[in-house]
Structures are given as C-alpha cells and as structure tokens.
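*Asks:* Got a structure for you, written out below as structure tokens; questions coming shortly.
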Amino acid sequence: MNTSSITALPDIELKSPGAGLITLDPVRTALLRGLDDLLTGLAARLSAPEVVGPPLLSVDGLARLDFFRNFPHLGVSAGRFGPDVLDGLASGGSPQDLPLQPTGHVLPSATCYGLLLSLEGTDVGEDGLRLSAAGRCFRNETHYDGLRRLWGFHMREVLYLGTKDGATEHQARGGEFVQEVAGRLGLTLTRAAADDPFYDNGGSRARLMALDPVK
C-alpha cells in the first residue's frame, strides 16, 4: 500500500447522509483501495480468480441456504414502487407515504451468498473451486457506530467450495496470510476458536460447531 499517495490527498470533510451511512473521503477511499490490494494477494496466492457477484439475492435461494433461520435480523428487503403510485410520485408526493411492493429479493449481507447461489448444482470436481470477490454488503443492525457498524460496507472474500480437507487447508493458508498482513501493518494477532456461533445458541448447528469449531 502506497502511503505516500494517501498523505498527498486533499483533506475534504464529507458529512454523514444519516445514521449508519457514510461517504468515504479521499484518504479513507485510498485506504480502502490499498487494503483491498493487500487482501487480493491472498486470492493470487490461492489461485482464486476474480468474479463479480449479483447486486440482489433471491429470498427463495437464501431460504435454501437457511439464511433466514440463522440471521432473521440482518435482512434488508428490496422493494419497488408499483404502477399505482407512480402518478403520486411524479406529482411531488412523499415517497415515505407510499407503499412498496416486494420484489422477492434482499440486499446481500455477505459477498459469498451470491457466489454460492450462482454455483448451486455445479460439480466443482475433486480439487474444489476457489473464487475471489468484493461486494457491497448491507445489514439491518440494532445500532450503528461510525465506521465500526454501518448499513452498507465493502467485503472481500476468497471462497472455497470442495472437500472438508480442502476447506481445512484453505482456512489454514488464509490464516497464515492474515498473520502476514497484520505483521506488515504492525499488528499482533492471536487466533482462537470463536465463542459467538453464527447459529442460535440453542440450535443443533450451534452444538455441532461446539464439537467441531471451524469459525
């Protein structure tokens, strides 16, 4: 990451459009690009070609991935104005007072979902498949906190689909890369199994994760 180019950027103050929303100024935008350049090094190391995922995800597809069972609170639905309200909008009516029609889609909350749905039913072979993608993700949170917790943010993922052994290797090599990047940034990291499972603490999947900690 070229920090000299970052320090030369103009200092522009951009106001937040609202809670959980932010416009990145030139310095933060350069940092975002620089960090993404670092993280694409993992994709290059693992020979994971770059793809671009879809901007919307079907609710039927996400239901097959158990998204709504596991993360019912995160979904942000995509709605549209029906033809019966277009005249009201054109005449200056407030959009907040007009109903939205469901589209059957939600905004992505993670980059991998669009890739998984696009690969549904695909034979990835004995060696598995690796892909890299960066996407804008959106989450309905209980609160928002500056850059720490936002309505929308960028997420880079290097995805592996294949065998359990291949997934274990992918995870190990990814962990090594993260440690290397942290060292370059002057950060010291420790690695431990997470105690905040993705799934409901009382569910069978949470118990399975406790027996086989993969997060």
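Read-outs: derived from the displayed coordinates by stated rules, not from any lab. The structure displayed is predicted, hence computed values, not measured ones. Glycine also receives a Cβ, built like all others from the backbone with ideal geometry; neighbour counts cover every protein chain displayed.
*Asks:* From the phi of every residue in the stretch 27-40, what ³J(HN,Hα) in whole Hz does the Karplus formula 6.51 cos²θ - 1.76 cosθ + 1.60 yield, where θ is phi - 60° and glycine or proline is x?
*Replies:* 5, 5, 5, 5, 5, 4, 5, x, 5, 5, 4, 4, 6, 5
*Asks:* Convert each backbone phi in the stretch 153-163 into a coupling constant with the Karplus relation 6.51 cos²θ - 1.76 cosθ + 1.60 (shift: θ = phi - 60°), then list the ³J(HN,Hα) values in order as whole Hz, x for Gly and Pro.
*Replies:* 7, 8, 10, 9, 10, 10, 9, 10, 10, x, 7
*Asks:* Taking springs between alpha-carbon atoms closer than 10 angstrom, which of GLY174, GLY125, GLY93 fluctuates most in the Gaussian network model of the chain?
*Replies:* GLY93
*Asks:* Enumerate the calculated ³J(HN,Hα) couplings along the stretch 67-84 in order (Karplus 6.51 cos²θ - 1.76 cosθ + 1.60, θ = phi - 60°), each rounded to whole Hz, writing x wherever the residue is Gly or Pro.
*Replies:* Values, residue by residue: 4, 6, 5, 8, 9, x, 8, 8, x, 10, 6, 9, x, 9, 7, x, x, 6 Hz.
*Asks:* Okay, next question. Which residue, chosen from LEU32, PHE138, ALA193, occupies the Cα position most advanced towards the positive end of the dipole of the chain, where the dipole is computed from +1 (Lys, Arg) and -1 (Asp, Glu) charges on Cβ about the Cα centre?
*Replies:* ALA193
*Asks:* Ranked highest first by the average count of other Cβ atoms within 10 Å around their residues, in what order do 163-169, 62-68, 133-139 fall?
*Replies:* Going by the mean number of other Cβ atoms within 10 Å, highest first, we get 133-139, 62-68, 163-169.
*Asks:* To continue, here is another question. Excluding LEU117 itself, calculate the net charge of residues whose Cβ lies under 10 Å from the Cβ of LEU117, where each Lys or Arg counts +1 and each Asp or Glu counts -1.
*Replies:* Surrounding charge for LEU117 is -1.
*Asks:* If you average 1/r across every pair of different Cα atoms in the chain and take the reciprocal, what Kirkwood value do you get, in Å?
*Replies:* Evaluated on the chain, it is 20.3 Å.
*Asks:* Ratio of alpha-carbon Rg to the 2.2 N^0.38 Å globular estimate for the stretch 58-118, to two decimals, please.
*Replies:* On the way: Rg = 15.0 Å, N = 61, 2.2 N^0.38 = 10.5 Å.
Cα Rg divided by the expected 2.2 N^0.38 Å: 1.43.
*Asks:* In nm, to one decimal, how far is the modelled label at LYS164 from the one at ASP84, with both set 7 Å along Cα→Cβ?
*Replies:* Distance between the two pseudo-spin positions: 5.3 nm.
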